[in-house]
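Step one of this worksheet: look at the structure below.
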Amino acid sequence: MDGGPIDRSSPVPLYFQIAENLRAAVAEGRLRPGDRLDNELDLCARLGVSRPTVRQAIQTLVQDGMVVRRRGLGTVVAARPIQRPLALTSLYDDLVTAGRRPATRVLEVTWREADEHAAAALAVEVGAPVVSIQRLRSAGGRPLALMHNELAAHWVEGLDVEAALAERGLYGLLRRRGA
């Protein structure tokens, strides 16, 4: 585990200093996703602080999503979350922007007639054709999201839906179709 020194004369609580040192180690790449932190007792001995202080520092990072506790494994640095701006973008586009390689596996495509609920939501007539699509989105070989969408069938008519969605995101597909 890599963390900086703590200043006992500072008004900043020790647990917060420890958490900030660990946060900096992650930000600077000295601790990478999947790296395991030393156990609480080792950290206590190395830093000269009590176990509750170390526990509070780690809990702060757990709450921030920087580390996760795994039974039988210990505390590990979490994968960096995907930062999504407040805009109408797709997860696919956000992953590409973040330099990740998104992959989509279409799990199910179901064609049916719109019931009252679907018709109202999709602005189509009751009985109009709609398609339900369930997909698994991954990046770097790791599953990230299970997605379910319902569309008016005219948006995907004449397409091999599975191939089209494996090639690009749903928003990109809809944009190309004039949405």
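The values are calculated or read from the model by the stated rules, or taken from the named source; none is laboratory data. Just so it is clear, the model here is predicted, and its values are computed rather than measured. Note that we place each Cβ from the backbone using ideal geometry, even for glycine, and neighbour counts take in every protein chain shown. Accessible surface is based on the protein model in full, side chains and every heavy atom, while ligands, DNA and RNA are left aside. Shrake-Rupley method; radii C 1.70, N 1.55, O 1.52, S 1.80 Å.
In whole angstrom, how far apart do the alpha carbon centroids of the stretch 1-54 and the stretch 107-146 sit? If you average the Cα positions of each part, the centres end up 46 Å apart.
When the helix-only estimate is applied to the chain (DSSP H runs of n ≥ 4, each -39,500 (n - 2.57), divided by the residue count), what is the mean residue ellipticity at 222 nm, nearest 500 deg cm²/dmol?
Working: 7 runs with 63 residues, N = 179.
Value at 222 nm, helices only: -10000 deg cm²/dmol.
Charged side chains reduced to their Cβ positions (Lys and Arg at +1, Asp and Glu at -1) give the chain a dipole of some 800 debye around its Cα centre. Positive-end ranking of Q134, V67, L43 along the dipole of the chain, with charges on Cβ about the Cα centre, is headed by L43.
For the chain, the longest principal axis of the alpha carbon atoms and the long axis of helix 51-63 meet at an angle near 20°. Ligands, DNA and RNA left out, the accessible area of the stretch 91-179 computed with a 1.4 Å probe is 50% carbon and sulfur. Computed from backbone phi, the HN-Hα couplings of the stretch 17-30 come to 4, 5, 4, 5, 5, 5, 4, 5, 4, 5, 4, 8, x, 6 Hz, rounded to whole numbers (Karplus: 6.51 cos²θ - 1.76 cosθ + 1.60, θ = phi - 60°; Gly and Pro given as x). Annotation: amide H-H contacts under 5 Å for L144 (H modelled 1.01 Å from N, sequence separation of 5 or more, or interchain): R137, S138, A139.
Counting heavy atoms of the protein chains alone, I18 has an accessible area of about 10 Å² for a 1.4 Å probe. The magnitude of the dipole of the stretch 81-179, with charges of +1 and -1 set on the Cβ of Lys/Arg and Asp/Glu and taken from the Cα centre, is near 720 debye.
Taking every protein chain into account, the accessible area of the chain amounts to 62 square angstrom per residue (probe 1.4 Å).
Once the dipole of the stretch 91-164 is set up with Lys and Arg at +1 and Asp and Glu at -1 on Cβ about the Cα centre, which of A119, A103, L159 lies farthest towards its positive end? Sorting the options by dipole projection puts first A103.
Remark: relative contact order (the chain) = 15 percent; criterion is Cα-Cα distance under 8 angstrom and separation of 6 or more residues.
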